[in-house]
1. Restricting to segment 199-256, name every residue that is part of a loop (DSSP other than H, G, I, E, B) and over 30 Å from Ile268 (Cβ atoms).
2. Those residues that are without any contact (Cβ under 8 Å) to a residue 40 or more places away in the chain and within 14 Å of Val55 (Cβ to Cβ), I need them from segment 116-134; list them, please.
3. Looking at Val85, Val154, can you tell me which residue is within 22 Å of the chain's Cα centre (by Cα) and not hydroxyl-bearing (Ser, Thr, Tyr)?
4. If Glu169 satisfies all but one of (1) in a helix (DSSP H, G or I); (2) within 20 Å of Val111 (Cα to Cα); (3) in contact with a Ser or Thr (Cβ under 9 Å, 6 or more places away or on another chain), what's the number of the condition it fails?
5. Please go through segment 189-211 and give me each residue that is surrounded by 14 or more Cβ atoms within 10 Å (Cβ to Cβ) and among the hydrophobic types (A, V, I, L, M, F, W, C), ordered by number.
6. Which of the residues spanning segment 258-271 are assigned to a loop (DSSP other than H, G, I, E, B) and more than 16 Å from Leu246 (Cβ to Cβ)?
7. Whether any residue in segment 181-188 is surrounded by fewer than 17 Cβ atoms within 10 Å (Cβ to Cβ), in a strand (DSSP E or B) and hydroxyl-bearing (Ser, Thr, Tyr) is what I want to check.
8. Counting just the residues of segment 41-87 that are aliphatic (A, V, I, L, M) and out of contact with any strand residue (DSSP E or B) (no Cβ under 8 Å at 6 or more places or on another chain), which one comes out surrounded by the most Cβ atoms within 10 Å (Cβ to Cβ)?
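The values are calculated or read from the model by the stated rules, or taken from the named source; none is laboratory data. Keep in mind that this is a model prediction, so the values were computed, not measured. Backbone-built Cβ (ideal geometry, glycine too); neighbour counts: all protein chains shown.
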Amino acid sequence: MYETMQTALYWKGMEAHVQQFVRNCLACTKSKHPTVKYGKLPTKTVIIRPWFEVVIDSIGPYGKNKFRAMTMIDTSTRLVEIQPVDDASSDDAAFVFDRFWLCRYPRPMRVIYDQGTEFKKEFFELLDSYGIHAVPTTTRNPQANGVIERLHRVIGDKLRTQTISTKEEWAAFLHDATFALRATYNTMLKSSPAQATFGRDMLFDVEHTTNWDEQYQRKVAQVAKNNERENAKRRSWTYAPKDKVLLRNDAGPQAKMAPLFSGPYEVIAVRTNGTLVLDKGRYMETIHIRRVIPFKSNVGKTVSRSDNL
């Protein structure tokens, strides 16, 4: 805009005034694709401890029959359970997790799950009754559930090669997928999940010993590498309480010409795990910094690339 205007107009401080006007244009900011991602992501804490942590999620509905399933995975051994469900209810989620995980394997200390409606009242009551720490992820942030999202991609790839029309075929498909995932070599484990869990191969009478210290070092190195790669594309930015941010409109289908962002919303608190607590009027919501951009030039401050959030 400044370049266009200065061909015909000029006043003292014109460039700064134009830049400030453009930055403060709410309609412009909410409608344009941002070219910069703000805020460095903190390094994730690595935990390698079999049976300590389980991630649970749901997949589906698939096809005209709307087949669904619950997926559960131990984040250290990568042992997986997949069970068909009739609907995405909290009662179903609680039943499946109790029957097909808690009744079969050691009780985990914590369970990670997303903000789906199936992980609400009855499911939370189940975790509480077992003394399991509930760890919900932030909305629209699949990176927080990376281990199970990769599992879902594998299931989806295999599903596209199948023709499934009955519940029996769906259940058989899930059993076959479970076996394949357990028996397949994992590059992080340097073994199959079954070998890491049971100490022997799924097909042959061959013993296996997993070096968990080595796996921990591999995981730490991988997390650091991934974090460095993603942060290389992000601008250092420190959010603070009372800052204003815009929230990306990525929750569900959006009209083609709808604004890309909503807000602005006031930041109430800043967490060390890369999340912000936003004041959304009638309620507070925890949002990952991947989904927000700072609003106006006087919000936040630019810091050196070596600083962390």
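1. Gly199, Asp201, Met202, Leu203, Phe204, Asp205, Val206, His208, Thr209, Thr210, Asn211, Lys256
2. Listed by number, the residues that qualify are Phe123, Leu127, Ile132, His133, Ala134.
3. Testing whether each residue is within 22 Å of the chain's Cα centre (by Cα) and not hydroxyl-bearing (Ser, Thr, Tyr) leaves just Val154.
4. (2) is the only condition that Glu169 fails.
5. Leu189, Ala194, Ala196, Phe198, Met202
6. Across segment 258-271, the qualifying residue is only Arg271.
7. Scanning segment 181-188 turns up no residue that is surrounded by fewer than 17 Cβ atoms within 10 Å (Cβ to Cβ), in a strand (DSSP E or B) and hydroxyl-bearing (Ser, Thr, Tyr).
8. Looking at residues that are aliphatic (A, V, I, L, M) and out of contact with any strand residue (DSSP E or B) (no Cβ under 8 Å at 6 or more places or on another chain), I get Ile48.
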